[in-house]
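Remarks on the structure that follows.
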């Protein structure tokens, strides 16, 4: 594995999202002096918060991005790098394993709960879809686990120096051959369909292709690993909200010698003689180090590189295919209203009747994308798991509610979201009201709306929070590498580079970046690492 050249005692990490914090913790654990620069006033990136104020006082905080947490052992690994654990940080991390992880509603009026426990899920499928489909689920679950096990260490949890790494050794050839044997390079949709016939089940085990930026019919079967994380390994939620993850990681870093500057927006990368020498912030501060980790989105990083006279390796921003985007709105609804809703789950996926047409619309090529005509939507109600998140507003007890509607990115559909955003949000609310979520339009106080334009304004590729799509040519060793050609002490981390998009993967991305700088970093987090299952037994994670 290649690493940055020269001795490294100090590192500047740009970005305090999960990738940056993961890299910082692993580097601090390896004895490096670490400074993290974050442009926002709070840490977390896409697992941070939007503070809401009303009448001059702080009312509550909105989790601003990811709402699905899988593989919490990766957080434990990052904390363990500096000798910390879930219960040693402030705030402490107390995770609840959601049961069910999702509640799925369908256009035909049926519904199905998605459990990570195999027996509970088998019983639920038999109840809703019949015993034959339950048998198919058992086979599908085994296949998803085999796909995950076959690819995780080699293709997700490792640095790549070249595509030849896939065949560079006997063990690499064996792993690649195993994926071929499992059908990993076929299509996810058809593979899932070979196990279950019920269209409702096919949707539950393939909608994760959206995270990869492709339709299930075209997504590689290796992305069954995402479905395995979602439906088999378990979905968790931290008490206090998703933003407590980044708060706990920041606390662990600072108490173990790291420094975090918020409100420190980097404006310039300084490069001399093939080495980064520093970064400059918009307020004129200058930070130097022996090595640098950059975690912002690709357009931001590439702009810095070009200004520094470095031509970004691989394809340009315009040639990189971005994932679909999303419209997300957050607010509060009186609990007297939400008690009447058709679902009382933390996560509800409300499927429209259309499926293939939906993906065709939101993944269409340049200029051909369209909004969903019969949308499938994600409704998140975190107070169903953590009642302390309820908010009293105008003397009325309310709960926070977030709704996510997938949509094309700005390249696929260059829509005027400044004009379209609020009308489209109201249209989505009306659709949900028609599906039984009564008084959503009149009863919801919306506090924040994100659209492809707001994502683009934050520097995200094509206005997508899901970054570069996981097409074959943008996957594994073909994805944007985390070493920057022409600058031998600069490493990338985050959604745009290896291994990809999502909470588990960006945590891995941070550690992989740290490995490029310090060979002392290990993937298992050391002896203090806490696997999710062990943490449950130790009481750091509670079932709910």
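No value in this document is a laboratory result; all are computed from the given coordinates. Just so it is clear, the model here is predicted, and its values are computed rather than measured. Virtual Cβ from ideal backbone geometry, glycine too; neighbours counted across all protein chains shown.
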Return a whole-number percent for the relative contact order of the range 134-232, with Cα pairs under 8 Å and 6 or more residues apart as the contact set.
-> 35
Taking 0.36 nm per intervening residue step and subtracting the Cα-Cα distance, what contour gain separates residue 54 from residue 194 on full extension?
-> 45.1 nm
Considering the alpha-carbon set of the chain alone, what are its Rg and its Dmax in angstrom?
-> 22.4, 67
Along its principal axes, what span do the Cα atoms of the range 134-232 show, with the longest given first and each in whole Å?
-> 41, 27, 20
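With a 10 Å radius around each residue's Cβ, average the other Cβ atoms per peptide and rank 464-475, 85-96, 116-127, highest first.
Sorting 464-475, 85-96, 116-127 by mean packing, highest first, produces 464-475, 85-96, 116-127.
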Taking neighbour counts of Cβ atoms within 10 Å as a proxy for exposure, in what order, fewest first, do 242, 71 appear?
-> 71, 242
Give me the distance between the Cα centres of the range 263-305 and the range 341-377, rounded to whole Å.
-> 38
Quick one: compute the contact order of the chain, relative version, from alpha carbon pairs under 8 angstrom and 6+ residues apart, as a percent.
-> 25
When the C-alpha atoms of the range 382-532 are aligned to their principal axes, what extent does each axis show, in angstrom, from largest down?
-> 56, 43, 25
Label model pair residue 357, residue 430: point-to-point distance (7 angstrom along the Cα→beta-carbon line) in nm is 1.8
Which three lengths, in whole Å and largest first, does the range 322-462 cover when its Cα atoms are put on their principal axes?
-> 47, 33, 24
If each part is reduced to its alpha-carbon centroid, the range 319-337 and the range 449-472 end up apart, in Å, by 12
Can you give the extra length, in nm with one decimal, that the chain gains between residue 185 and residue 319 once fully stretched, where that is 0.36 nm per residue apart less the Cα-Cα distance?
-> 45.9 nm
Relative contact order of the range 88-161 (C-alpha contacts under 8 Å, at least 6 apart) in percent is 15
Two pseudo-spin positions, 7 Å from Cα along C-beta at residue 168 and at residue 262, lie apart in nanometres by 4.0
As a check on your grasp of the helix formula, calculate [θ] at 222 nm for the chain: sum -39500 (n - 2.57) over DSSP H runs of n ≥ 4, divide by the residue count, round to the nearest 500.
-> -9000 deg cm²/dmol
Here the gain from full extension of residue 390 to residue 364, 0.36 nm per residue of separation minus their alpha-carbon distance, amounts to 5.4 nm
Packing-wise, with mean Cβ within 10 Å as the measure, how do 45-52, 333-340, 24-31 rank, highest first?
-> 24-31, 45-52, 333-340
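What ranking do 4-15, 158-169 get when scored by the average of other Cβ atoms within 10 Å per residue, highest first?
4-15, 158-169
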Send over the Kirkwood Rh of the range 262-365, from the inverse of the averaged 1/r over different Cα pairs, rounded to one decimal Å.
-> 18.7
